[in-house]
Amino acid sequence: MERTRIYAAAEAPCCDEREVHEDKVRFVHENMPSEDDLYDLAELFKAFGDSTRIRILFALFEADICVTNVSQSAISHQLRLLKQAGLVNGRREGKQIIYYLADEHVRTIIAMGLEHINE
């Protein structure tokens, strides 16, 4: 898999001319999500920033899972973060809490991420 080269600031390609495209800048500003939405989006992507959480999500693709089926101390914290991010939900069944994907968007986000890294 080929990775994009990260340029040092001095090496980064840029335009030779300094021209402000006011119509494009205005369009971007008018269509930019709110600061709250941008913050929430950044927080959502942070939830995907840990391979343990990604493993949990992949497990939940296959089946709803109870924490007692896995190492509770290692997983409980990660599940709490995923739940706070709105990526998983839990339902009580007797003394157990069964975790499951919040919705199909979670599966789509992961699938698109995999597709992107495998290009």
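Every residue, every condition in (1) surrounded by 12 or more Cβ atoms within 10 Å (Cβ to Cβ); (2) more than 13 Å from the chain's Cα centre (by Cα); (3) of a type in the set (Ser, Thr, Tyr), yes or no:
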{"site": "Cys14", "(1), (2), (3)": "no, yes, no"}
{"site": "Asn31", "(1), (2), (3)": "no, yes, no"}
{"site": "Ser34", "(1), (2), (3)": "no, yes, yes"}
{"site": "Asp37", "(1), (2), (3)": "no, yes, no"}
{"site": "Asp50", "(1), (2), (3)": "yes, no, no"}
{"site": "Asp64", "(1), (2), (3)": "yes, yes, no"}
{"site": "Leu82", "(1), (2), (3)": "yes, no, no"}
{"site": "Tyr100", "(1), (2), (3)": "yes, yes, yes"}
Taking the stretch 66-80 and keeping residues exposed (fewer than 13 other Cβ atoms within 10 Å of the Cβ) and among the hydrophobic types (A, V, I, L, M, F, W, C) leaves Ala74
Taking the stretch 26-62 and keeping residues farther than 14 Å from Gln84 by Cα and either assigned to a loop (DSSP other than H, G, I, E, B) or among the hydroxyl-bearing types (Ser, Thr, Tyr) (or both) leaves Met32, Pro33, Ser34, Tyr39, Gly49, Asp50, Ser51, Thr52
Here the qualifying pairs (Cβ atoms under 8 Å; residues six or more apart or on different chains; first in the stretch 52-68 and within 18 Å of Gly94 (Cα to Cα); second in a helix (DSSP H, G or I) and of a type in the set (Val, Ile, Thr)) come out as Val67/Ile75
Log entry, pairs with first residue in the stretch 94-119 being over 16 Å from Leu82 (Cβ atoms), second being at pLDDT below 95 and part of a helix (DSSP H, G or I), beta carbons closer than 8 Å, six or more apart or on different chains, reads Gln96/Val67; Gln96/Thr68
Among (1) surrounded by fewer than 15 Cβ atoms within 10 Å (Cβ to Cβ); (2) more than 15 Å from the chain's Cα centre (by Cα), Lys46 falls short only on (2)
Those residues of the stretch 63-119 which are among the aliphatic types (A, V, I, L, M), within 12 Å of Ala47 (Cα to Cα) and outside any helix (DSSP H, G or I) amount to Ala85, Leu87, Val88
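The values are calculated or read from the model by the stated rules, or taken from the named source; none is laboratory data. These numbers come from a predicted model, not from an experiment. FYI the Cβ positions are ideal-geometry reconstructions off the backbone, even for glycines, and counts take in every protein chain you see.
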